[in-house]
1. How many percent of the accessible area of the range 182-221 is carbon or sulfur, using a 1.4 Å probe?
2. Report, ordered by chain and residue number, the lysines lying within cross-link reach of Lys179, taken as a straight Cα distance under 22 Å and ignoring same-chain residues fewer than 8 apart.
3. Would you please give the FRET efficiency between Lys89 and Val209, computed as 1/(1 + (r/R0)^6) with r the Cβ-Cβ distance and R0 = 30 Å, to the nearest 0.05?
4. From the square roots a ≥ b ≥ c of the eigenvalues of the alpha-carbon gyration tensor of the range 47-167, which class results: rounded (a/c under 1.5), prolate (a/b over b/c), or oblate?
5. Reachable lysines from Lys89, Cα under 16 Å, same-chain residues fewer than 8 places away excluded?
6. Once neighbouring chains are kept in place and the probe is 1.4 Å, which whole percent of the accessible area of the range 38-148 is contributed by carbon and sulfur?
7. Assigning unit charges at the beta carbon (Lys, Arg +1; Asp, Glu -1) and nothing else, what dipole magnitude in debye, to the nearest 20, does the range 119-230 show about its Cα centre?
8. Please work out the average accessible area per residue across the range 41-85, using the 1.4 Å probe convention, and give it in Å².
Amino acid sequence: MFLPGVFILRPPTPEEVCTQDDILSGDSFESVELLPRAKPAGPDYGVKDLFRSPKFYILYLIILILSLTLLTSTELYKFIGIEAINDDKFLNLVGALGAVANAFGRVTWGLILDRFGTRATYTVAFFIQGPLTMTLHYSKWNKWGYLANLCIVSFCTGIFTCIAPACQELFGSRDISLKYALTLSAESIGCVLFFILQLGQQYLYGESVFLALMGAPSILAAILAFFCFR
C-alpha cells in the first residue's frame, strides 16, 4: 500500500541537486536582471513640472470656485434666509444641520473619489451644487425647502476634502505636501474674490445676481473637470 509513496518521497539524486544549484547560480540572477522592469503607474510630476501642466491651473480654478460656494453656504446662510424666515432658532438649526451635512459629505465624496476617480467625483458634485446655490434666493420662501437646499449644497462642498487625493491622482505622490499647499492657495484668492463680489451686492446688484455669480461658476468647474481630468 505504501510503495508508491516511497518512490514519490525519495531523496533527490546528486544529479538533481546539481541541477538545482545551477538554477540558483549567479548566471540565472544576471539573466533575471536583464528582464525589463515595470514602470511605475500613474503620473509623477515634480514641482517645476506642476507649473507646466494645464491640469494644475484647471484644478486651481476649480478650488477657487469651490471656495465661493463654501463661503456662501457657511457665512451667508443667515443673511440670505432672514428676509423670509423670521425665526432665529430655525436659522441656527439650518447652520447646524448644514455643518453635519458637510461633514457627512466629506466622507461620502472621499469614498466616491476612491471608487470612481477625480473626474467623475468633481463633475457630479459641482453639477449639483451650482444650480442649488443659485436657487437659495428662491427656496428661502419655504423654510423647509431652504433647509434642504442648504444642506445639499453643504453636502456637495464636502468635496473640499478631496483636494489632496486629487493632487496625488493627477500629479503623483512626489512632494505631495507642497503640491497640496500650492493648490490650496486658490482658497485665499477665492476669499478675496468673495469679498469683492459681496461689496458689489451692496452697491451694484441684488441678492439673486450675487447668488448667480456664486453658483454659475460651479457649472463651469463641472465641465472643466469632465473634459480635462482623466
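The values are calculated or read from the model by the stated rules, or taken from the named source; none is laboratory data. Predicted model only: the values in this text are computed from it and were never measured. Using ideal geometry, Cβ is built from the backbone for each residue, glycine included, and neighbour counts are taken over all protein chains shown. All accessible areas refer to the heavy atoms of the entire protein, side chains included, with ligands and DNA or RNA removed. Shrake-Rupley method; radii C 1.70, N 1.55, O 1.52, S 1.80 Å.
1. Carbon plus sulfur share of accessible area: 75 percent.
2. Output for Lys179: Lys48, Lys55.
3. 0.50
4. It comes out prolate by the Cα gyration axes.
5. Reachable lysines: Lys78, Lys140, Lys143.
6. C and S atoms contribute 66 percent here.
7. Dipole magnitude for the range 119-230 comes out near 160 debye.
8. For the range 41-85, the solvent-accessible area averages 48 Å² per residue.
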